[in-house]
Ligand code: BGC
């Protein structure tokens with residue numbers, strides 16, 4: 001449809017019809033089933049309002065969606081097609097590793113591929129919009145939603161943002177693409193105490209410099225929707241924050257897509273205490289620039305009347321509706337409202353073999369090897385059938401390894417570790433019986449899995465210990481249950497359950513050759529686990545091909561290459577902890593406990609494993625950093641290079657990272673900031689020169705007057721395999 005036709009359509013629509021476009025229904029209002037992630041006010045809608053609604057949330061299934069599309073379009077005066085939206089966060093039916101794990105790949109290419117697979121599957125199943133990418137910067141592991149973010153670094157998150165938007169959207173009119181929705185705008189990742197939905201206080205400088213860049217990167221990549229966040233930002237709920245949505249998102253960042261509220265967030269401005277009632281909440285939201293009210297009764301119940309009474313100019317409604325119609329048009333829905341297909345055709349696309357292969361590669365690349373005392377990779381050549389490697393723990397044969405935002409229709413397609421190991425056809429593997437649900441802590445927070453009795457647990461424990469003592473090596477598969485992560489998954493502890501710790505301690509008493517495979521959706525405090533294990537591999541929540549990818553990595557068919565995209569603390573008390581913190585007046589470079597220095601009395605300040613850290617089965621040596629010149633002006637560049645050598649005896653992939661530091665500026669700068677990374681694949685003995693170009697825009701920040709500028713002076717550049725590298729050189733910006 002041409003722009004002119006869209007304008008004509010808008011002119012021809014009644015006020016009720018226009019408001020209808022701005023209402024999103026939860027699918028369960030129209031049909032049985034559907035995803036529900038919170039309370040909704042849509043129970044109060046009239047039949048007419050339901051018939052007029054412009055979009056639907058939370059439904060899967062090509063045929064169901066087609067049927068609803070037909071049914072709803074028939075009710076609309078202008079037969080405008082509806083938008084069907086869903087949270088497709090890390091894959092649709094082929095589940096990829098959680099976004100935090102994808103961050104650890106340091107591979108925007110892989111993230112793009114993961115999202116384009118997700119888009120192909122979701123589009124084949126009838127969807128038009130995914131509520132992804134989630135780009136909230138995360139520094140506090142207590143917050144359950146850290147699993148949905150690429151991590152703690154503005155630069156890495158921005159690279160991932162661009163890649164994810166490209167992967168989902170490509171050319172939006174293609175059959176295998178969906179529109180992306182950046183979220184949660186803004187600053188949702190920094191709630192007080194790590195408690196979900198809580199207040200966020202960020203200085204404007206921190207917001208601009210650290211929290212906004214990844215959202216902005218998505219906007220610049222052409223992301224079509226943006227979702228408001230639940231939280232108050234500096235005391236103002238985002239869905240009513242005109243400054244945030246109009247001034248920052250639209251004016252400053254240039255966003256011209258559709259703004260949708262988070263789930264019932266418009267109504268929630270009443271309990272927040274900035275609207276006396278839902279009517280006022282509707283007014284605040286439309287003034288702030290929220291185009292679609294997700295599942296609350298605010299727009300449906302009050303917007304038309306607010307316009308009629310003259311309290312809200314109709315112009316605001318028209319602008320919002322035009323944006324929504326434009327999105328529908330750009331998706332090609334006016335010409336082809338049933339982009340899908342039928343379930344038979346969708347069936348050919350979902351879980352395609354090449355999709356599974358990509359998920360397997362991405363999972364393997366996301367695992368982070370935190371420790372290895374020469375025990376990994378595991379031997380493959382055991383001579384006997386006897387148990388030489390014992391596989392023990394609740395995650396050995398567990399399919400719930402796909403993350404809190406995955407709703408596969410066929411969870412039975414998920415490959416467990418046991419299946420992955422068995423597929424290798426090796427001798428000498430024994431699997432502990434009955435160790436699926438070891439104790440309460442492995443069960444879901446909703447208690448869906450019945451807890452075993454004490455006697456049952458004791459029996460499993462002694463069987464597992466007996467098996468460990470008769471085996472050469474033990475692979476302990478432990479973790480945090482997926483339902484302890486994700487939305488509302490905040491925690492006040494960062495460990496795994498006591499039952500699993502007991503298992504680890506008991507096994508250790510009979511066999512020290514322990515490889516721990518750790519499932520988690522957040523950085524955990526793993527000091528004791530690391531001490532008791534000879535190797536520790538973090539596998540996050542790896543998805544459909546998890547078991548195969550884990551077997552690949554443990555047996556050395558693939559070499560671990562993940563690097564932490566979020567810091568692992570030593571203890572909960574260090575949280576929030578992140579590598580790009582600010583220098584204090586009393587720095588503590590030794591990280592030891594020091595009276596009257598920055599830090600703690602009972603713990604060193606350094607994290608257990610810093611951002612950017614991750615081992616391989618081989619070793620990489622770095623030469624000193626070479627700069628081709630020591631001085632530059634704006635418009636010039638310095639080339640910084642190192643030679644990286646694989647000094648081990650296996651091939652491997654290293655992520656070479658560039659960090660910059662501005663040691664003297666008009667405001668305090670982070671101790672270092674990631675400004676580039678490159679992945680290099682090296683055969684044993686092979687060397688490669690890796691170069692980064694340093695340019696003046698990379699040195700910019702918000703100065704004392706909030707201007708985004710660089711300031712002349714001395715700078716430090718570091719290049720290495722982790723954020724704590726000391727391999728540096730100095731240069732001057734004149
Ligand atoms: C979450 C969003 C999600 C929405 C729709 C909300 O509860 O905060 O991230 O996209 O539900 O399911």
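The values are calculated or read from the model by the stated rules, or taken from the named source; none is laboratory data. Here the structure is a predicted model, which means the values were calculated and not measured. Counting neighbours? That spans all protein chains shown, and the Cβs are built from the backbone with ideal geometry, glycine included.
Residues that are within 19 Å of residue 101 (Cα to Cα) and surrounded by fewer than 22 Cβ atoms within 10 Å (Cβ to Cβ): does region 597-609 have at least one?
yes
Please give the number of the condition residue 195 fails out of (1) surrounded by fewer than 24 Cβ atoms within 10 Å (Cβ to Cβ); (2) touching a residue at least 24 places away in the same chain (Cβ under 8 Å); (3) away from the ligand (no atom under 16 Å from the Cβ).
(3)
Being away from the ligand (no atom under 12 Å from the Cβ) and not in a loop (DSSP other than H, G, I, E, B) is the filter here, so list the residues in region 136-146 that pass it.
Within region 136-146, just 146 meets the criteria.
Determine if region 596-605 includes at least one residue that is under 27 Å from residue 535 (Cβ atoms) and without any contact (Cβ under 8 Å) to a residue 24 or more places away in the chain.
no
Return the total of residues in region 35-58 being within 16 Å of the ligand (Cβ to nearest atom), closer than 21 Å to residue 304 by Cα and modelled with pLDDT under 90.
Selection size over region 35-58: 3.
Filtering region 116-135 down to residues that are under 27 Å from residue 657 (Cα atoms) and within 16 Å of the ligand (Cβ to nearest atom), which residue is surrounded by the fewest Cβ atoms within 10 Å (Cβ to Cβ)?
The qualifying residue surrounded by the fewest Cβ atoms within 10 Å (Cβ to Cβ) is 134.
Restricting to region 699-717, name every residue that is in contact (Cβ under 8 Å) with a residue 60 or more places away in the chain and crowded, with 18+ Cβ neighbours inside 10 Å.
701, 702, 710, 717 - these are the residues of region 699-717 that are in contact (Cβ under 8 Å) with a residue 60 or more places away in the chain and crowded, with 18+ Cβ neighbours inside 10 Å.
Taking helices (runs of 4 or more DSSP H) that fall entirely within region 442-556, which contain at least 3 residues that are more than 22 Å from residue 114 (Cβ to Cβ)?
Hits in region 442-556: 454-469, 498-510, 527-532.
Could you please find all residues in region 591-621 being outside any loop (DSSP other than H, G, I, E, B), within 30 Å of the chain's Cα centre (by Cα) and farther than 20 Å from residue 579 by Cα?
Residue satisfying the conditions is 620 alone.
Looking at the structure I just gave you, is residue 180 crowded, with 22+ Cβ neighbours inside 10 Å, in the same structural domain as residue 62 (by TED's automatic domain parsing), at pLDDT 95 or above and more than 14 Å from the ligand (Cβ to nearest atom)?
The answer is no for residue 180.
Of the residues 271, 237, which single one is buried (at least 24 other Cβ atoms within 10 Å of the Cβ) and farther than 20 Å from residue 319 by Cα?
237
Given the structure, is residue 164 within 16 Å of the ligand (Cβ to nearest atom), in a helix (DSSP H, G or I) and not assigned by TED's automatic domain parsing to the domain that holds residue 402?
yes
For residue 158, which of the numbered conditions (1) over 30 Å from residue 493 (Cβ atoms); (2) modelled with pLDDT of 95 or more; (3) surrounded by 24 or more Cβ atoms within 10 Å (Cβ to Cβ) fails to hold?
Here residue 158 clears every test but (3).
Can you tell me which residue is farthest from the ligand (Cβ to nearest atom) among those in region 73-103 that are in a helix (DSSP H, G or I) and surrounded by fewer than 24 Cβ atoms within 10 Å (Cβ to Cβ)?
Among those that are in a helix (DSSP H, G or I) and surrounded by fewer than 24 Cβ atoms within 10 Å (Cβ to Cβ), it is 74.
Among strands (runs of 3 or more DSSP E) lying entirely in region 651-734, which contain 3 or more residues that are over 30 Å from the mean Cα position of the chain (by Cα)?
687-695, 713-720, 728-733
Quick check on residue 61: is it more than 16 Å from the ligand (Cβ to nearest atom) and at pLDDT below 95?
yes
On the basis of being under 17 Å from residue 576 (Cβ atoms), away from the ligand (no atom under 15 Å from the Cβ), more than 18 Å from the chain's Cα centre (by Cα) and surrounded by fewer than 18 Cβ atoms within 10 Å (Cβ to Cβ), does residue 256 make the cut?
Spelling it out, it is not the case that residue 256 is under 17 Å from residue 576 (Cβ atoms), away from the ligand (no atom under 15 Å from the Cβ), more than 18 Å from the chain's Cα centre (by Cα) and surrounded by fewer than 18 Cβ atoms within 10 Å (Cβ to Cβ).
Residues that are modelled with pLDDT of 95 or more and in a loop (DSSP other than H, G, I, E, B): does region 381-393 have at least one?
No.
Between 689, 696, which is more than 19 Å from residue 109 (Cβ to Cβ), outside the structural domain of residue 204 (by TED's automatic domain parsing) and loosely packed, with under 14 Cβ neighbours inside 10 Å?
Exactly one of 689, 696 is more than 19 Å from residue 109 (Cβ to Cβ), outside the structural domain of residue 204 (by TED's automatic domain parsing) and loosely packed, with under 14 Cβ neighbours inside 10 Å, namely 689.
Is there any pair with a first residue in region 483-498 that is farther than 14 Å from residue 519 by Cα and a second that is surrounded by fewer than 22 Cβ atoms within 10 Å (Cβ to Cβ) and at pLDDT 95 or above whose Cβ atoms are under 7 Å apart and which are 6 or more apart or on different chains, and what are they?
487/196; 488/196; 490/142; 490/195; 490/196; 491/142; 492/142; 493/572
Per-residue answers, yes or no, for (1) touching a helix residue (DSSP H, G or I) at 6+ places or on another chain (Cβ under 6 Å); (2) within 23 Å of residue 163 (Cβ to Cβ); (3) touching a residue at least 24 places away in the same chain (Cβ under 8 Å); (4) away from the ligand (no atom under 16 Å from the Cβ):
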position	(1), (2), (3), (4)
210	yes, yes, yes, yes
214	yes, yes, yes, no
223	yes, yes, yes, no
230	no, no, yes, no
239	yes, no, yes, no
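Only one residue in 273, 289 is closer than 20 Å to residue 54 by Cβ, more than 16 Å from the ligand (Cβ to nearest atom) and at pLDDT 95 or above, so which one is that?
The unique qualifying residue is 289.
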